[in-house]
1. Taking the highest mean first, how do the peptides 147-155, 188-196 order by number of other beta carbon atoms within 10 angstrom per residue?
2. Go through Lys180/Lys251; Lys100/Lys215; Lys180/Lys231; Lys215/Lys251 and tell me which ones have a Cα-Cα distance over 21 Å in this structure.
3. For the pair Asn153 and Val84, how long in nm is the line joining their label points, each one 7 Å along Cα→Cβ?
Amino acid sequence: MQKIKKERGITLISLVITAIVLMLISTPIVVRTTKLTETKKYTNFRDDILKLKENISILYDIDDDLSTIGPVYTGSKTFLTTDVKSPNDQEPYYVIDFDKLAENIKNRYNIELGELKIETDNMNLGSITESSSNNVYIINSKSRAIYYNNGINYNKQIFYRLNEDFTNTEETTLPASNLKLYENGTEIESGSTVEVTLNVNEENYKDMLPVITAKNGDAIMYTFRPSNDMKIDITKVGEYTKTYRASEPGKEQATVTVKVIVR
């Protein structure tokens with residue numbers, strides 16, 4: 001009788017064991033690579049903000065108007081939580097226009113701003129015309145705190161700014177605004193609240209809402225119409241508030257809050 005030869009080869013168990021060994025060997029390499037990438041991104045992020053702070057401090061004195069640094073930031077501010085933002089922050093925030101900053105530095109001091117390198121050395125941080133972009137550096141008009149609104153992941157945390165101690169930060173005091181606020185032609189103080197009470201299903205309720213104007217002397221600089229921009233559901237009981245802000249370069253904002261109560 002002819003004997004059947006036993007074929008030698010790689011068994012399924014051997015393949016599984018080999019795969020596990022390779023996985024155990026490669027995992028530390030993957031983790032190490034990820035850590036190095038995170039570290040590079042954070043280092044670039046830190047270097048960028050330090051560079052921006054230095055150059056902005058050269059161009060702008062502590063009480064200078066920052067409105068020329070770029071457009072007002074209109075994007076989401078949900079990342080500006082209590083533990084992230086400076087307690088001295090005050091609206092508005094501005095997008096930092098790198099090209100404009102570099103040009104001013106070059107023209108005034110013949111100093112090169114240098115290339116910013118967040119995430120990658122040649123990354124384009126959003127178009128400066130897109131003031132709502134989620135990939136921009138922004139600066140607060142009062143505290144001068146700089147934020148990267150997209151955030152950087154590092155050491156299992158998301159960083160939107162450098163870990164600065166704001167407790168000893170000098171608070172910038174802006175001069176009072178020349179703007180005067182008026183409710184339907186009657187002057188009111190900045191920071192005041194105008195309250196309107198309406199009945200449910202009130203007809204022509206929009207005619208009962210005030211018109212807020214801000215004047216510089218006799219010239220009307222701002223006109224706010226709550227009847228156009230307050231979303232009020234007149235069919236049910238509720239409260240609605242909206243704060244209006246009028247500003248002029250380098251001055252405190254003039255604000256008024258309109259509160260509508262439907263009862």
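What follows is calculated from the coordinates using simple rules that are stated; it is not laboratory data. Note that the coordinates shown come from a computational prediction; the quantities given were computed from them, not determined experimentally. For neighbour counting, all protein chains shown are included, and Cβ atoms are generated from backbone atoms with ideal geometry for every residue, glycine included.
1. The packing order, highest mean first, is 147-155, 188-196.
2. Violating the 21 Å Cα-Cα cut-off are Lys100/Lys215; Lys180/Lys231.
3. 1.6
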